[in-house]
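Visitor: Quick one: the structure is below, questions incoming.
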Amino acid sequence: MASYRLSDTAKADIIDILAWTQERFGEAARLRYETLIVAAIRDIAENPSRPGSSGRPELGAGARSWHLRHSRDSVGTSVGVVRQPRHFIIFRIGPTGRPEIARILHDAMELQLRRPALRDWP
């Protein structure tokens, strides 16, 4: 498996997303969303420039985004399918050539208010 770096802020985002999902929709939904997040991170690590990855210069030098919906086909059906994922990953390619994941954000958030700060990059 290709490597990547996950910021402390991104780890906190994942914890918050999964806790909210479990609270609102139950354990099975949390497991589906968790599996999708893992698949999306794996997809980014394997090919950060893959189709669907978008350059986001407004978020900083080299910043890119990847919506979780692009990784739905990477998830097996054993846990079920997330029909309408609502989050995207903000990342960049670090100096070592591996992706650095700064944030995982809801697609309805005001992005300028949540743009990664220097401390958010691993």
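Visitor: For n ≥ 4 DSSP H runs only, could you compute -39500 (n - 2.57) per run for the chain, divide by its residues and tell me the 222 nm figure to the nearest 500?
Guide: -11000 deg cm²/dmol
Visitor: Enter the angle in degrees (range 0 to 90, nearest 10) between the Cα long axis of helix 27-46 and the first principal axis of the Cα atoms of the chain, meaning the one along which they spread out most.
Guide: It works out to around 30 degrees.
Visitor: Return a whole-number percent for the relative contact order of the stretch 5-120, with Cα pairs under 8 Å and 6 or more residues apart as the contact set.
Guide: Numbers: 160 pairs, mean separation 34.0, N = 116.
The value is 29 percent.
Visitor: Could you give the length gained on full extension between residue 108 and residue 79, defined as 0.36 nm per residue of separation minus the Cα-Cα distance, in nm?
Guide: 7.9 nm
Visitor: Specify which labelled value, from (1) 30; (2) 25; (3) 35, agrees with percent of Cα pairs over 23 Å apart derived from the coordinates of the model shown.
Guide: Matching the structure shown: (2).
Visitor: Give me the extension gain from residue 5 to residue 46: residue separation times 0.36 nm, minus the current Cα-Cα distance, reported in nm with one decimal. Walk me through the numbers on the way to the answer.
Guide: Values: separation 41, 0.36 × 41 = 14.76 nm, distance 1.28 nm.
Length gained, residue 5 through residue 46: 13.5 nm.
Visitor: Still on this structure: Can you tell me the orientation of helix 8-25 relative to the chain, as the angle in degrees between its alpha-carbon axis and the longest Cα principal axis, to the nearest 10?
Guide: 20 degrees
Throughout, read-outs are computed from the coordinates displayed, never taken from laboratory work. The structure displayed is predicted, hence computed values, not measured ones.
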